[in-house]
Amino acid sequence: MRPTPAALRRSARAHFTDPTKRRGLLVAFEGPDGSGKTTQRKLFKTWLKSEGYDVVTTKWNSSDLIKPIIKSRKAVRALSPEEFSLLHGADFRHRVEQVILPALWEGKLVIADRFLFTGLARDVARGLDLDWVLKLYEPLLWPDLVFYFAVSPVTSGKRVTAMRMPNFYEAGQDVTQVDDPVESYQRFIARVIREYESLALIFNMITVDAEQSIGDQHRQIRQLFIEGQQRAWSDWNADAVAEWLATKGNGTER
Amino acid sequence: MTKARPRAAKARLIAVDGVDPAAVLAEARAALGSPARGGISKWDASGVFQELAVADREAGAPSPRTLLLLYAADLAFRLRWQIRPALSEGRTVVAAPYVDTAIAFGRAAGLKPAWLTNLFRFAPPAKERRVVHARAAGVKDGFVGFSSDRMTAGAAGRTRRRIVDETAAQLRHRFDRRD
């Protein structure tokens, strides 16, 4: 007999609030390109491992199943804002089910280099409705901690263009209609950062001043993590875990 | 003197839904009548599912929710390249399938109606909706057959056949309620 959704939610709660076990933790690093979050994520991971944590990393747009589909469409610049949003939503969902929840269930610490807030900020900057996009990501899985790496559009632009030319979608050329990738990036990232700043307030992210030195940021993150890891498991996550429990394990019988 | 644009008045979006792709296509052809009136927009015009079909097993099986996000992405492609351009030229487009098949599949897999309704909010309503209840034994092709074959259990313990049957029942329910 199939367990009911209510029974699955109870299982989720019982598992993640069991005081005898170290529960899985989800920490998200968010911010615009050029904010230095990948550098901080790597430093943070090294430190966590030295502290005895079993760490799993997941990156934006990285699922083995959906990433090739997105990549081939980006290469020919064939994505509308809706398709861009929906395909990234599919990639995210697949990683939640295949990588993030299995690791959390096993008590691991998951670092997400970008989380659903990246989808929200970029999609809204492309003109899509926040409510529509947010609901695509339901049932929502809330991280235990979200670090938002705040930089100005100018700093982001300088850091990104110093290393490479932004690609078509990164520069938002699909929506700015500006031919010069650098100029387009500058306009688009200003919109993305505006959305991020709203989201950081709405979703109570921890803002890190990413214009500080790398060492200062890292020390701040360690400290904030030590304080924040004691937070109770969010019951908002019960639906997401219950749905995953319903699907995991059994392939469809033939 | 301003010339009238008679063709614009004929623009018409007809949705044909059902679990059996062969029966849906036959109904779509009947709904279109003469090919000169317009065309038929079919599932997976964007090739998303074709790519999914050749993905490595190690990539993991998609859940019903992931499959529906991909269906919506494919539908957004069809709207952009097939449906809206034809409608703007005053032609008839038969979308076969459209949103009802996907919503019925999602309901059969246990997803909430509010999420499904939101997902397809970008799709304009069809002027006419038809459903095909016919179903060949062991539906293999089309969105429902493809998804039932490849997805994770979705609603654990449900057999493939049961997912197809429940999708057909959900479609019947949606159209009965409308009538």
Does region B:141-149 contain any residue that is modelled with pLDDT of 90 or more, farther than 24 Å from residue A:65 by Cα and surrounded by 14 or more Cβ atoms within 10 Å (Cβ to Cβ)? no
Note on residue B:94: of the conditions (1) more than 18 Å from residue A:92 (Cβ to Cβ); (2) hydrophobic (A, V, I, L, M, F, W, C); (3) within 14 Å of the chain's Cα centre (by Cα); (4) assigned to a helix (DSSP H, G or I), unmet is (4)
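Among the residues of region A:198-221, count how many are part of a helix (DSSP H, G or I) and loosely packed, with under 15 Cβ neighbours inside 10 Å. Give the derivation first.
First pass over region A:198-221, keeping only residues part of a helix (DSSP H, G or I): A:198-202, A:214-221.
This time we only want the ones that are loosely packed, with under 15 Cβ neighbours inside 10 Å, so: A:198, A:201-202, A:214-216, A:219.
Of the residues in region A:198-221, 7 are part of a helix (DSSP H, G or I) and loosely packed, with under 15 Cβ neighbours inside 10 Å.
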Taking region B:25-80 and keeping residues surrounded by 23 or more Cβ atoms within 10 Å (Cβ to Cβ), more than 7 Å from every other protein chain (Cβ to nearest Cβ), in contact with a Lys or Arg (Cβ under 9 Å, 6 or more places away or on another chain) and in a helix (DSSP H, G or I) leaves B:28, B:67
**Study point:** Filter pass, residue A:35 being touching a residue at least 40 places away in the same chain (Cβ under 8 Å), within 14 Å of another protein chain (Cβ to nearest Cβ) and either within 20 Å of residue A:120 (Cβ to Cβ) or assigned to a helix (DSSP H, G or I) (or both)
**Key:** no
Pairing a residue in region A:216-236 that is over 15 Å from residue A:26 (Cα atoms) with any residue that is in a helix (DSSP H, G or I) and polar (S, T, N, Q), where Cβ atoms lie under 9 Å and the two sit 6 or more apart in sequence or on different chains, gives A:217/A:39; A:217/A:40; A:218/A:39; A:218/A:40
Given (1) among the β-branched types (Val, Ile, Thr); (2) away from chain B (no Cβ under 14 Å); (3) closer than 30 Å to residue B:54 by Cβ, residue A:55 misses just (3)
- Would it be correct to say that residue A:56 is under 17 Å from residue A:145 (Cβ atoms) and under 14 Å from the mean Cα position of the chain (by Cα)? yes
- Message: within 12 Å of another protein chain (Cβ to nearest Cβ), part of a helix (DSSP H, G or I) and touching a strand residue (DSSP E or B) at 6+ places or on another chain (Cβ under 6 Å): is that true of residue A:133 in this structure?
- Response: no
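Quick one: is residue A:79 within 13 Å of chain B (Cβ to nearest Cβ) and either part of a loop (DSSP other than H, G, I, E, B) or surrounded by fewer than 18 Cβ atoms within 10 Å (Cβ to Cβ) (or both)? Explain how you work it out, then say what you get.
Numbers: within 13 Å of chain B (Cβ to nearest Cβ): yes; either part of a loop (DSSP other than H, G, I, E, B) or surrounded by fewer than 18 Cβ atoms within 10 Å (Cβ to Cβ) (or both): yes.
For residue A:79, the condition - within 13 Å of chain B (Cβ to nearest Cβ) and either part of a loop (DSSP other than H, G, I, E, B) or surrounded by fewer than 18 Cβ atoms within 10 Å (Cβ to Cβ) (or both) - is met.
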Residue set A:145, A:104, A:141; condition buried (at least 23 other Cβ atoms within 10 Å of the Cβ) and either away from chain B (no Cβ under 14 Å) or more than 16 Å from the chain's Cα centre (by Cα) (or both); output residue A:104
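The values are calculated or read from the model by the stated rules, or taken from the named source; none is laboratory data. As the structure is a computational prediction, the values presented were derived from the model and not from experiment. Please note: Cβ atoms are built from the backbone with ideal geometry, for glycine as well, and neighbour counts cover all protein chains shown.
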